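Asker: Once you've had a glance at the structure underneath, I'll fire off some questions.
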Amino acid sequence: MSTLPGVTDPLEIGGSGTPASPADPEGVPPPERRPLALSASRAADFRQCPLLYRLKAIDRIPEPKTRAQVLGTVVHSVLEDLYALEQSERAPERAAELVPAAVEHFYAVGGGAEVVPLSDRAEFQTEVAALVSALYGVEDPRRFSPAACEQYLVTSTASGTPLHGYLDRVDVAPTGEVRVVDYKTGRPPRPRYQDQAMFQMRFYALMYQRIHGVMPAQLKLIYLRNGSWLTLSPDLATLVETESQLDSLWAEIERAGETGIFPPRTSRLCDWCNHQALCPAFGGTPPEYPGWPGRRVIPLDSRTPGTGHAGPRST
């Protein structure tokens, strides 16, 4: 969402979803500011626009949920539940049976009506069901069982750049080969943007290799909307280059964090930005800079192949 639709980055925003403003309208003190780590989504934000990164990761300006984001969240929930079933039970009909409960949970617990009006609920549920069904045009979930679903990883590069993120799915073959899979509910990118799309997967591959000491044999992005996919078989040079890129990017972020200078970078993506009112490029003024919260310190053992921190996604 983002990187993973609807998923927050707990080490970056504390899971609060609220801004760290010095003066809350209700007089409630702001949440504790946590040191930052780099996720694939925040890396993409900084590459797109340093000011966007600041507003999301440091100022923690909340953004309204979108229909596309919550659609992805619900679809991911259904697929996680699907793979929790016994292998023989994962027929398309059983997958379809999981959809209503996931949609109900979205409305009952996730404030669904604030994003998708109740009048659109039936259409929304139909779209969720269609995206879940599309998985069967790409692969048959009854033919294998993942080693992990929705796994949260924390590690760092050899130089200490703190990394974290969620892996949608990890498959391990009987012969030991590892495949990292990510589902997308949006449209696949045009050919010239495919490398950007795979940046997230290279990020995940590096984290997995740093923790487990095993290089994934394949990275797979599945686009459920049209049943297509992209794959990449990374090699050592790919991961070395990715690690170097992340170290350079994190160094830029820390320099900006220490100076408070996060310039806006305009592009066609500005049309979809929620923060134009705070952007100087559009006549806005950012809030007073709250200061750099520092970097997340990753224990040394989590940088060593074969060890690290991995656990289920918290909700």
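The values are calculated or read from the model by the stated rules, or taken from the named source; none is laboratory data. Being a predicted model, the structure only gives us computed values, none of them experimental. Note that each Cβ is placed from the backbone with ideal geometry, even for glycine, and that neighbours are counted across all protein chains shown. Only protein heavy atoms, including side chains, enter the accessible area calculation; ligands, DNA and RNA are left aside. Shrake-Rupley method; radii C 1.70, N 1.55, O 1.52, S 1.80 Å.
Asker: How many residues does region 161-174 contain that are touching a helix residue (DSSP H, G or I) at 6+ places or on another chain (Cβ under 6 Å) and either acidic (Asp, Glu) or part of a strand (DSSP E or B) (or both)?
Answerer: Total meeting the criteria: 4.
Asker: Quick one: which helices (runs of 4 or more DSSP H) lie wholly within region 60-160 and hold at least 2 residues that are under 30 Å from Gln276 (Cβ atoms)?
Answerer: Counting at least 2 such residues, we get 67-84, 121-134.
Asker: I would also like to ask the following. Scan region 23-38 and give yes if some residue there is surrounded by 22 or more Cβ atoms within 10 Å (Cβ to Cβ), within 14 Å of the chain's Cα centre (by Cα) and at pLDDT 95 or above, otherwise no.
Answerer: Yes.
The rows are residues; the columns are (1) touching a Leu at 6+ places or on another chain (Cβ under 7 Å); (2) open to solvent by 30 Å² or more (accessible area, probe 1.4 Å).
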{"site": "Leu51", "(1), (2)": "no, no"}
{"site": "Gly72", "(1), (2)": "no, no"}
{"site": "Glu89", "(1), (2)": "no, yes"}
{"site": "Val99", "(1), (2)": "no, no"}
{"site": "Gly111", "(1), (2)": "no, no"}
{"site": "Val116", "(1), (2)": "no, no"}
{"site": "Leu135", "(1), (2)": "yes, no"}
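Asker: Related question: Given (1) open to solvent by 10 Å² or more (accessible area, probe 1.4 Å); (2) touching a helix residue (DSSP H, G or I) at 6+ places or on another chain (Cβ under 8 Å); (3) at pLDDT 95 or above, where does Ala237 come up short, assuming only one miss?
Answerer: Unmet condition: (2).
Asker: Are any residues in region 157-175 in contact (Cβ under 8 Å) with a residue 60 or more places away in the chain and aliphatic (A, V, I, L, M), and if so, which ones?
Answerer: Ala158, Leu163 - these are the residues of region 157-175 that are in contact (Cβ under 8 Å) with a residue 60 or more places away in the chain and aliphatic (A, V, I, L, M).
Asker: Can I ask one more? Quick one: which of Met215, Met201 is touching a residue at least 24 places away in the same chain (Cβ under 8 Å), open to solvent by 60 Å² or more (accessible area, probe 1.4 Å) and within 21 Å of Ala40 (Cβ to Cβ)?
Answerer: Answer to the check: Met215.
Asker: Could you list, ordered by first residue, the pairs with Cβ atoms under 9 Å in which the first is in region 44-55 and part of a helix (DSSP H, G or I) and the second is of a type in the set (Val, Ile, Thr) and open to solvent by 10 Å² or more (accessible area, probe 1.4 Å), at least 6 apart or interchain?
Answerer: Going by the 9 Å Cβ cut-off, the qualifying pairs are Ala44/Thr3; Pro50/Ile261; Leu55/Ile61.
Asker: Continuing with this model, one more query. What's the number of the only condition in (1) part of a loop (DSSP other than H, G, I, E, B); (2) surrounded by fewer than 17 Cβ atoms within 10 Å (Cβ to Cβ) that Phe262 fails to meet?
Answerer: (2)
Asker: Between Gly186, Gly176, which is over 22 Å from the mean Cα position of the chain (by Cα) and open to solvent by 10 Å² or more (accessible area, probe 1.4 Å)?
Answerer: Criteria check complete, one pass: Gly176.
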